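Student: Got a structure for you, questions after.
No value in this document is a laboratory result; all are computed from the given coordinates. Model, not experiment: these values are computed from the prediction. Here the Cβ positions follow ideal geometry from the backbone for every residue, glycine too, while neighbour counts run over all protein chains shown.
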Amino acid sequence: MKEHVPVMVNEVLEALMPWEKVNVTVDATLGLGGHSGFILKNCPEAYLIGFDQDPYAREIAEENLKGFSGRFEIEADNFRHIEKLKERPGWKGASSVLFDLGVSNMQITESERGFSFQEDGPLDMRMDAAEHTNSELTAKEILDSWSIKEITDIFRKYGEEQYAYQIARGIVRNREAGRILKTTGDLVELIRTILPAPVQRKMGGHPARKVFQALRIAVNDEMNALEEALDGALKILVPGGKILVISYHSLEDRIVKTKFRKWQEEYLGKAKPRKALIPSEIEIERNHKSRSAKLRIFESETEISRKGEKYDVLHRMPT
Ligand SMILES: C[S@@+](CC[C@H](N)C(=O)[O-])C[C@H]1O[C@@H](n2cnc3c(N)ncnc32)[C@H](O)[C@@H]1O
């Protein structure tokens, strides 16, 4: 059984209390079904709809959750389309929506997906793998055809890579010299030749880590998908429902924090607690990958009135 150790499970479950009241619940990032399994186990009335754009993840989740048959279903879709749930006949809203962003261990360790800078694989990085429903853009296409400026921009914006320009220039020069990058290993090797050894030592961590993160975010249009998904999630919640987001880097967390603040200013609900929760020391010790996690929770308002107008909480339209 393939596994992904779910992060901050206790905090997620606590936020969902009282468990008897959890009914329709959405796991926007089903992965291998780790969080979903805990939710189904603890919330006796829960019916779970799990989204994942990765066919391999869905297959494994289906297997991992088979003990809960009849209480869950899997949506093969990008979570940016979460609002489509409203179109279901008889849809009454979800009591919670969970996002556990990023990639699963399985995606990282399967080198043929091209997410790992530690193993050799194709320069692909599309999360929807074989289906390619989102886009045809791959990491290879970016490296083979984008300009120095375009590549620098994504390395800076999505990787917060200090040496973005130097690496981008090295990539384009390499290309202009007729050398072709075929695999993730080729890219790692090139980055190692572009950056002087003292710089690599100063970087702390793998010299290709931020570049790989940036390429993955760009290929999957992750930041725009998250923005759209958060807006959609708010629209499918029941009044008093909760959105829970676990993020692993500052860019994602900033989007979530800014969105929650904006909603609060619009009287659409409250971030509860106000600050992000982080994993306990014990969890970090047991699961090192949890160390960068931040959990933010937003509870939607039960009755919304703004500027004297009554709002229909499900559709966010003046009634
Ligand atoms: C960190 S893993 C989730 C792990 C899961 N919580 C568990 O405990 O097994 C993130 C998952 O979200 C999926 N994912 C990421 N972005 C997505 C998107 N825009 N739409 C749908 N699924 C997405 C990935 O394919 C991956 O399987």
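Student: How high is the FRET efficiency between R261 and Q162 when r is their beta carbon distance and R₀ equals 30 Å, given to the nearest 0.05?
Tutor: 0.60
Student: Check which residues have an amide H placed less than 5 Å from N23's amide H, if you skip close sequence neighbours.
Tutor: S95
Student: Let me know the longest stretch in the chain that avoids all GluC sites (Glu not before Pro) found in a DSSP loop with at most 13 other C-beta atoms within 10 Å.
Tutor: 137-265
Student: What is the distance, in nm, between label points placed 7 Å from the Cα along the Cα-to-Cβ direction at K270 and at T193?
Tutor: Placing both labels 7 Å beyond Cα along the Cβ direction yields 5.9 nm.
Student: Given the pairs K41/K86; K86/K242; K84/K242; K86/K157; K21/K92, which span a C-alpha to C-alpha distance of over 23 angstrom in this model?
Tutor: Violating the 23 Å limit, Cα to Cα: K41/K86; K86/K157.
Student: G31's amide H: which non-local residues (gap 5+, or another chain) put their own amide H closer than 5 Å, with H modeled 1.01 Å from N in plane and none for Pro or chain starts?
Tutor: Correct list: empty.
Student: Now for a separate question. What is the set of long-range amide H partners of G269 at a cut-off below 5 Å, with H atoms built 1.01 Å from backbone N?
Tutor: E301
Student: Quick one: helix 250-265 against the long Cα principal axis of the chain, what's the angle to the nearest 10°, folded into 0 to 90?
Tutor: The helix 250-265 is inclined about 30 degrees to the chain.
Student: Subtract the Cα-Cα distance of D144 and M203 from 0.36 nm times their separation in residues, and report this length gain in nm to one decimal.
Tutor: Residue separation times 0.36 nm, minus the Cα-Cα distance, leaves 18.7 nm.
Student: Can you compute the helix-only [θ] at 222 nm over the chain? Use -39500 (n - 2.57) per DSSP H run of at least 4 residues, normalise by all residues, nearest 500 deg cm²/dmol.
Tutor: Taking each H run of at least 4 residues, the total per residue is -12000 deg cm²/dmol.
Student: How long is the gain from R88 to N224 if the chain were fully straight, where each residue apart is worth 0.36 nm and the alpha carbon distance is subtracted?
Tutor: 46.5 nm
Student: At 7 Å along the Cα-to-beta-carbon direction for both I180 and R71, put a label point, then send me their distance in nm to one decimal.
Tutor: 5.2 nm
Student: Can you figure out the FRET efficiency of E285 with R173, using R₀ = 41 Å and their beta-carbon distance, to the nearest 0.05?
Tutor: In this case the efficiency is close to 0.40.
Student: Taking every Cα atom in the chain, find the radius of gyration and the maximum pairwise distance Dmax, and write them in Å.
Tutor: According to the Cα coordinates of the chain, Rg and Dmax are 20.8, 65 Å.
Student: For the stretch 56-118 and the stretch 280-296, compute the distance between their C-alpha centroids and round to whole Å.
Tutor: Here the answer is 22 Å between Cα centres.
Student: How about the stretch 158-212: which trypsin sites (Lys or Arg not before Pro) there lie in a loop by DSSP and see at most 13 other Cβ atoms within 10 Å?
Tutor: R179, K182
Student: Once both axes come from the Cα atoms, what is the angle between helix 148-159 and the longest principal axis of the chain, in degrees from 0 to 90, rounded to 10?
Tutor: On a 0 to 90 degree scale, this one is about 50.
Student: Between the stretch 1-54 and the stretch 194-270, what is the separation of their alpha carbon centroids in Å?
Tutor: 20 Å
Student: Here's something else I'd like to know. Trypsin sites (Lys or Arg not before Pro) within the stretch 46-114: which are DSSP loop residues with at most 12 other Cβ atoms inside 10 Å?
Tutor: K92
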